[in-house]
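No lab work stands behind these numbers, since they all come straight from the coordinates. Small disclaimer: the values here were computed from a predicted structure and weren't measured. As a convention, Cβ positions derive from the backbone with ideal geometry for all residues, glycine included, and neighbour counts pool all protein chains shown.
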Amino acid sequence: MSAATRATLHQELAALYAALDTEVRATAVRCDLRGVCCDFEKAGHVLYATDLEVDFARDHGGAAPPEAAADACPFFQRNQCHLREGRPLGCRVYFCDPAYAEAMHDLAERYHRRVVALHEAHGVAYRYAPFVRTIREEPRT
Ligand code: SF4
C-alpha cells in the first residue's frame, strides 16, 4: 500500500470513528468506568479488529507494551485505556449497559460494513482477527 493510500485510509477511518462516537453518545449509554469490558477474561469476549484498524491503532498508540499479559488487552493498564484515540471499532461500540444492547447491535453492524467498504474502495486486503494477537505481530505495511 502506498503512503498516500495509507494516509487517506487513516483519515477516512478517523472520520468514521468520529461519526460512530457521536452516534454512541446520542444513545445516552451508561458507563460506570469499571473497565470490565477491557478485561477479556472477566468479560468473556474477544476483541476483533481489521488489519486497517490495527495499523491505525499502531499509529495512535505505538506498539503493545511487552509487560502486558498475553491474553489481556495490552493497552489496559491501571484500569485505563492507553489507546483512547486509536482504539478499534469494537471498543468504541461495546458497553455493558443492558438498555443499550439493541442500539449496540445496530451500530456495530452498520459501522463494520463501512469499515469493510473502506477496504474495498481502496483495494486493500481484508482480514478480521483477534486484536491482541494482531497488534503483537510485525506490521504488514
Ligand atoms: S484498546 Fe482500550 S478500550 Fe479497547 S480493549 Fe484495549 S484498553 Fe479497552
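Using only side-chain charges placed at the Cβ, +1 for Lys and Arg and -1 for Asp and Glu, the dipole size of the chain relative to its Cα centre rounds to 120 debye.
Taking the fewest neighbouring Cβ atoms within 10 Å as the starting point, the ordered list for 106, 55 is 106, 55.
Only one residue of 82, 103, 122 has its Cα farthest out toward the positive end of the dipole of the chain, where Lys and Arg carry +1 and Asp and Glu -1 on Cβ, and that residue is 82.
Each 10 Å bin from 0 upward holds the following percent of the Cα-Cα pairs of the chain: 11, 43, 36, 10, 0. Once both labels are positioned 7 Å from their Cα atoms along Cα-to-Cβ, the gap between residue 106 and residue 80 label points is 3.4 nm.
With n ≥ 4 as the cut-off for DSSP H runs, can you work out [θ] at 222 nm for the chain, using -39500 (n - 2.57) per run divided by the number of residues, rounded to the nearest 500? Intermediate results must be reported in sequence, preceding the final value.
Working: 6 runs with 70 residues, N = 141.
Calculated at 222 nm, the ellipticity per residue is -15500 deg cm²/dmol.
Of the DSSP H helices in the chain, those with a Cα length along their own long axis of 18 Å or more and a mean Kyte-Doolittle hydropathy reaching -1.0 comprise 3-26, 101-121.
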